[in-house]
1. Being outside any loop (DSSP other than H, G, I, E, B) and either over 27 Å from residue 114 (Cα atoms) or in contact with a helix residue (DSSP H, G or I) (Cβ under 8 Å, 6 or more places away or on another chain) (or both) narrows it down to one of 38, 65, so name that one.
2. Only one of (1) in contact with a helix residue (DSSP H, G or I) (Cβ under 8 Å, 6 or more places away or on another chain); (2) without any contact (Cβ under 8 Å) to a residue 24 or more places away in the chain; (3) closer than 30 Å to residue 2 by Cβ is not met by residue 79, so which one is it?
3. Give the number of residues within region 1-17 that are without any contact (Cβ under 8 Å) to a residue 24 or more places away in the chain and under 18 Å from the mean Cα position of the chain (by Cα).
4. Would you pick out the residues in region 82-128 that are touching a strand residue (DSSP E or B) at 6+ places or on another chain (Cβ under 7 Å), assigned to a strand (DSSP E or B) and in contact (Cβ under 8 Å) with a residue 24 or more places away in the chain?
5. Mind listing whichever residues of region 11-29 are assigned to a strand (DSSP E or B) and crowded, with 18+ Cβ neighbours inside 10 Å?
6. In region 30-64, how many residues are over 15 Å from the mean Cα position of the chain (by Cα), surrounded by 11 or more Cβ atoms within 10 Å (Cβ to Cβ) and free of Cβ contacts under 8 Å to residues at least 40 places away in the same chain?
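Bear in mind these aren't lab numbers, they're just calculated from the coordinates by the rules spelled out. Computed from a predicted model, the values in this text were never measured in an experiment. Methodologically, a virtual Cβ is constructed for each residue, glycine included, from the backbone with ideal geometry; neighbour enumeration extends over all protein chains shown.
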């Protein structure tokens, strides 16, 4: 089986000096390698192709067969890394907490330990900023509006 640490090193080397960063790396027992990346200014198909080629060029299929899938962190995927939270400040998010609380609003602040979501007011309640500990948050997704 291909070692995860080896792939992690290859990915980090290939992304060094760019605004791209690793979000998720998964290797299955049958050597299917899944790499999800994001970027401070988004990710293009060319970015995925370049990373795929950089990683694949450092692996030997004669030594160990593998399948490689490099993709951008999808819009439907929850935010995981502080860097993703920071890049999405100003966007509408849907937050679900472990206690079942749901908060929908604009992400206005984010760091390693907490996020702040501005919830718009209505006739029944005033606008408010909701400060949440990241450890209390189950998932945060960017709201997709059409």
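1. 38
2. (2)
3. Summing the residues that are without any contact (Cβ under 8 Å) to a residue 24 or more places away in the chain and under 18 Å from the mean Cα position of the chain (by Cα) in region 1-17 gives 3.
4. The answer is 92, 93, 94, 95, 96, 97, 103, 104, 105, 107, 115, 117.
5. Within region 11-29, 20, 21, 22, 23, 27 meet the criteria.
6. Total meeting the criteria: 9.
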